[in-house]
Amino acid sequence: MRTVLVVEDEAPLAETLRFNLEDEGYRVRTADDGLEGLSMAQALQPDLVLLDLMLPRMDGIEVLRRIRERSQTPVLLLTARTSEADRVRGLDLGADDYITKPFSLAELKARVRVHLRRKQEIEVEARVLTFGDFTLDLNRHLLTRDGEPIPLRPKEYELLAYLVQRDGRAFTRDQLLNDVWDISFAGGTRTVDVHVRWLRKKIEQPDVPPRHLITVRGAGYRFER
Ligand code: CA
């Protein structure tokens, strides 16, 4: 079941959206201010977010910016007709679409369907990723080079899969520790460095600077396909 997060402070509108989206078969969660919306977006990892722009405690633009630091989930903005500058800013910050209030529920539902379908297509396509001579198959948890499997420890695989799927973005050791290792894991950020070193032995050429698993000075690591 797909989860839609509705961040909207007008209670009657939030309820109407909930009712109509549940009717479409989605699981719906609602937040009535920006801060709660952001924390629910991070905790629930919804398949799609409907985000009002004018929200108490944190405005929708800031919520969007913070969601996009960690996630590519589709975000549809709900905006007033008068707020063109905010709409443009929202699209620049990575919103997928916007819909102007007052909107027809049929149109909103159609847009939600389109974005969920697109997300699913992207996910299916993205299950097999390539870099250099390597192929990382996320369905089979398998790394191969020219068709030959490269054995990986479980956390090596998870770290690699995490970074390859976020190609080009830099992550701190703390972020990686937080996202790749269990929250209960007591080891320090040194663990990340150890796994990076192991991975480099498997995917990089010896004696030349890494091409894929790159150290970002003062920050952490990023992956380049
Ligand atoms: Ca509002």
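A residue that is more than 16 Å from the ligand (Cβ to nearest atom), under 17 Å from ASP32 (Cα atoms), not in a loop (DSSP other than H, G, I, E, B) and not small (Gly, Ala, Ser) occurs nowhere in region 70-92. Take the residues in region 1-59 that are part of a loop (DSSP other than H, G, I, E, B) and among the hydrophobic types (A, V, I, L, M, F, W, C), then tell me which one is modelled with the lowest pLDDT. Out of the qualifying residues, it is MET1. For region 103-134, filtering for residues that are in contact with a strand residue (DSSP E or B) (Cβ under 9 Å, 6 or more places away or on another chain) and either surrounded by fewer than 15 Cβ atoms within 10 Å (Cβ to Cβ) or assigned to a helix (DSSP H, G or I) (or both) leaves 14. Can you spot a residue in region 163-172 that is in contact (Cβ under 8 Å) with a residue 12 or more places away in the chain and at positive phi? Within region 163-172, one or more residues are in contact (Cβ under 8 Å) with a residue 12 or more places away in the chain and at positive phi.
Listed conditions (1) free of Cβ contacts under 8 Å to residues at least 24 places away in the same chain; (2) over 30 Å from TYR98 (Cβ atoms); (3) surrounded by fewer than 16 Cβ atoms within 10 Å (Cβ to Cβ); (4) among the hydrophobic types (A, V, I, L, M, F, W, C) are all met by LEU177, apart from (3).
Considering region 19-60, the residues that are within 18 Å of TYR98 (Cα to Cα) and among the charged types (D, E, K, R) include one that is nearest to the ligand (Cβ to nearest atom), namely ASP52.
The values are calculated or read from the model by the stated rules, or taken from the named source; none is laboratory data. Values in this document were obtained by computation on a predicted structure and should not be read as measured data. Neighbour counts run over all protein chains shown; Cβ positions are idealised from the backbone, glycine included.
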